[in-house]
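Q: Before I ask anything, let me first share the structure, which is written out below as structure tokens.
The values are calculated or read from the model by the stated rules, or taken from the named source; none is laboratory data. Only a predicted model underlies this, so the values are computations on that prediction, with no experimental measurement involved. As a convention, Cβ positions derive from the backbone with ideal geometry for all residues, glycine included, and neighbour counts pool all protein chains shown.
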Amino acid sequence: MKVRMGYKGVGKPIEVLEIEDDYEIIQELCGGFFSGYYVTQFVDLPELHNVVLYCNDTGKLDGFAPNCCIGKELLVGNIAFFAFDEHGEHIDMTDRQVQLILNNILDLGCEREFRYER
């Protein structure tokens with residue numbers, strides 16, 4: 001099943017991608033084993049209650065390049081954002097969710113914009 005998600009590469013704007021909802025694809029996007037965090041752990045935005053971000057498990061220890069700050073948290077390496085339903089299954093992110101994330105990150109080294117690709 002394909003799912004619409006947000007992808008933030010280091011030094012690049014957020015992109016909206018439609019990808020297969022597959023563990024190995026997320027692992028590839030994040031550069032290895034990854035952990036998930038609720039976006040609301042970093043910013044108090046109820047509209048993002050069902051959005052999780054995935055990033056490399058050991059990115060900071062392995063010296064991955066800084067990507068952005070969300071709230072007070074510095075995130076390194078590539079980041080994948082997914083919305084999920086009440087069962088924890090990934091669902092399509094909305095443009096509004098992407099825009100809220102964009103508005104609430106301090107990007108390190110790129111423009112504050114996003115692209116939509118199919």
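Q: Take the residues in segment 1-16 that are assigned to a strand (DSSP E or B) and in contact with an Asp or Glu (Cβ under 6 Å, 6 or more places away or on another chain), then tell me which one is farthest from PHE64 (Cα to Cα).
A: The selected residue is LYS2.
Q: Taking segment 71-90, which residues are in a strand (DSSP E or B) and either in contact with a Cys (Cβ under 7 Å, 6 or more places away or on another chain) or among the hydrophobic types (A, V, I, L, M, F, W, C) (or both)?
A: LEU74, LEU75, VAL76, ILE79, ALA80, PHE81, PHE82, ALA83, PHE84
Q: Restricting the first residue to segment 81-108 and requiring it to be touching a residue at least 40 places away in the same chain (Cβ under 8 Å) and farther than 23 Å from GLU28 by Cα, which pairs with a second residue that is of a type in the set (D, E, K, R) and in a strand (DSSP E or B) meet a Cβ separation below 6 Å and a spacing of at least six or different chains?
A: Close Cβ pairs (under 6 Å, with a partner that is of a type in the set (D, E, K, R) and in a strand (DSSP E or B)) do not exist here.
Q: Could you check segment 10-44 and list, in sequence order, the residues that are touching a Leu at 6+ places or on another chain (Cβ under 9 Å), touching a residue at least 40 places away in the same chain (Cβ under 8 Å) and either of a type in the set (Ser, Thr, Tyr) or surrounded by fewer than 16 Cβ atoms within 10 Å (Cβ to Cβ) (or both)?
A: GLY11, PRO13
Q: Now, a different point. Take the residues in segment 57-73 that are without any contact (Cβ under 8 Å) to a residue 60 or more places away in the chain and touching a strand residue (DSSP E or B) at 6+ places or on another chain (Cβ under 6 Å); name whichever of them is nearest to LEU106 (Cα to Cα).
A: CYS69
Q: Of all residues in segment 49-72, count the ones that are under 16 Å from ASN103 (Cβ atoms) and either surrounded by fewer than 20 Cβ atoms within 10 Å (Cβ to Cβ) or modelled with pLDDT under 95 (or both).
A: 4
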